[in-house]
Amino acid sequence: MIDSQTSLYCIFGNPVIHSKSPDIHNVCFRKYHINAVYLAFKIDSISQGVQAIKSLNIKGVSITIPFKESIIKHLDWIDPEADKIGAVNTIVKQNGKLNGFNTDYQAAVSPLKPFGIQGRKVCIIGAGGAAQAVAFGIHKNGGDITIINRNSVKGEKLALKYNGRFISLEEIKTIQHIQPDIIINTTSMGMAPDIEESPIPEHLLDAQMIVMDIVYNPLNTKLLQDAIKKGCTIIDGLSMFIHQGAAQFKLWTDISPDINLMRQTVLNGDD
Ligand code: ATR
């Protein structure tokens, strides 16, 4: 029931119309009997959002594209890990102060942890905002990083930050020399409407690899279809989405939510 005591949580971004964050957070507020509601707000500038957080009784906020970097200067405190990554996707308001965190990196490594990351050769395709968080998480867990990117300046910079190698996307065939254990696509290649695109040719995949895609529209990307054909272990894009949301929920409520409930809610709808 929504009443005068109901707490407000939200997502700020542009666009947010296709966001599944309200679905996963609201279903968990209900499951754990928390009197709170989560809404999506499209904002034009981050200062608009910050003003809203401060003036309304908003307890927590998810920050998405394109505000993950511009929010930082408005925070009262930033988690040291988010600071290193250079991006914030979660705000917790406490005693009127805005505290910033990044749950994307935990989300990227959570589904990989059961397979082991320490000492594994991990190829990260892309060097944008998502790749920054993924690379931080892999490095923190002892993975051996190779960045593969179209733009070599960005790619080399990210590789250098985490003592990794760099390979240009054009030269992706040379990953054969590295024999990667894990491949993670952080680019938008394969996302609708370009569903026939894949960042890596099928013949470069082999059965002992773990192949992860952060694209979740569609869930069954060309990269993952190819990986299944080659017998690889796959991790789809919903994993990262769900895990980043679960970590946000934990920061806001101190409850570790039911991951399967979140996943089923996205897959089946909430009703
Ligand atoms: P995000 O914050 O979601 O990671 P981003 O910062 O725009 O978004 O980064 C997107 C990444 O996907 C970049 O590394 C980009 O490559 P460049 O650095 O060369 O621009 C990569 N990317 C996007 N579309 C691509 C395409 N069609 N081919 C190759 N790389 C692509």
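Readers should treat all values here as calculations from the given coordinates under stated rules, not as data from a laboratory. These numbers come from a predicted model, not from an experiment. Please note: Cβ atoms are built from the backbone with ideal geometry, for glycine as well, and neighbour counts cover all protein chains shown.
What angle do you read, to the nearest 10 degrees and between 0 and 90, between the alpha-carbon axis of helix 129-140 and the longest principal axis of the chain?
It is inclined by approximately 80 degrees.
Pop a pseudo-label 7 angstrom from the Cα along the beta-carbon direction at both Q264 and K250 and give the gap in nm to one decimal.
Rounded to a tenth, the inter-label distance reads 2.2 nm.
Using only the Cα atoms of segment 127-190, build the gyration tensor, take square roots of its eigenvalues as a ≥ b ≥ c, and label the shape rounded, prolate or oblate: rounded if a/c is under 1.5, else prolate if a/b is larger than b/c, else oblate.
Rounded, because the longest to shortest axis ratio a/c is under 1.5.
At a Cα cut-off below 23 Å, give the lysines reachable from K140, other chains included and same-chain residues fewer than 8 away excluded.
Candidates past the 8-residue exclusion: K68, K84, K113, K121, K154, K157, K161, K250.
Tell me, what is the percent relative contact order of segment 137-271, built from C-alpha pairs under 8 Å that lie six or more residues apart? Don't skip to the end; give the middle numbers.
Numbers: 192 pairs, mean separation 19.8, N = 135.
This gives 15 percent for segment 137-271.
Which three extents, in whole angstrom, do the alpha-carbon atoms of the chain cover along their principal axes, largest first?
61, 39, 33
Excluding T186 itself, what net charge comes from residues whose Cβ is under 11 Å from its Cβ, given Lys and Arg +1 and Asp and Glu -1?
Working: positive: none; negative: D104, D213.
Net charge in that neighbourhood comes out at -2.
Take the Cα of R150, step 7 Å along the line toward its Cβ, and report every residue of segment 208-245 whose backbone nitrogen sits under 12 Å from that point.
none
Rounded to the nearest 20 debye, what is the charge dipole size of segment 50-170 about its Cα centre when +1 sits on each Lys and Arg Cβ and -1 on each Asp and Glu Cβ? Can you show the working numbers first?
Details: 16 positive and 9 negative charges, 15 e Å.
Computed charge dipole of segment 50-170: roughly 80 debye.
What does the charge count near A82 come to, summing +1 for each Lys or Arg and -1 for each Asp or Glu among other residues with Cβ under 14 Å from its Cβ?
-2
In debye, nearest 20, what is the charge dipole magnitude of the chain about its Cα centre with +1 on Lys and Arg Cβ and -1 on Asp and Glu Cβ, if you could check? Walk me through the numbers before you get to the answer.
Numbers: 26 positive and 26 negative charges, 116 e Å.
The dipole magnitude comes to about 560 debye.
Can you list residues whose amide H is under 5 Å from I78's amide H, if they're 5+ apart or on another chain and H is modeled 1.01 Å from N?
Correct list: G100.
Roughly speaking, what is the stretch gain from Q208 to I178, that is 0.36 nm per residue apart minus the C-alpha to C-alpha distance, in nm to one decimal?
Details: separation 30, 0.36 × 30 = 10.80 nm, distance 1.35 nm.
Value of the extension gain: 9.4 nm.
Obtain the radius of gyration and the Kirkwood radius of segment 172-232 from its C-alpha atoms and give Rg over Rh. Before the final figure, lay out the partial values.
Working: Rg = 10.9 Å, Rh = 11.5 Å.
So for segment 172-232, dividing Rg by the Kirkwood Rh gives 0.94.
Grab the Cα-Cα distance for Q48 and E197, subtract it from 0.36 nm times how many residues apart they are, and report the gain in nm with one decimal.
Details: separation 149, 0.36 × 149 = 53.64 nm, distance 3.68 nm.
Gain on stretching Q48 to E197: 50.0 nm.
How much of the DSSP beta bridge set in segment 1-131 is antiparallel, as a percent to the nearest 5? Numbers along the way, then the final one.
On the way: 8 of 22 bridges.
Restricted to segment 1-131, the bridges split so that about 35 percent are antiparallel.
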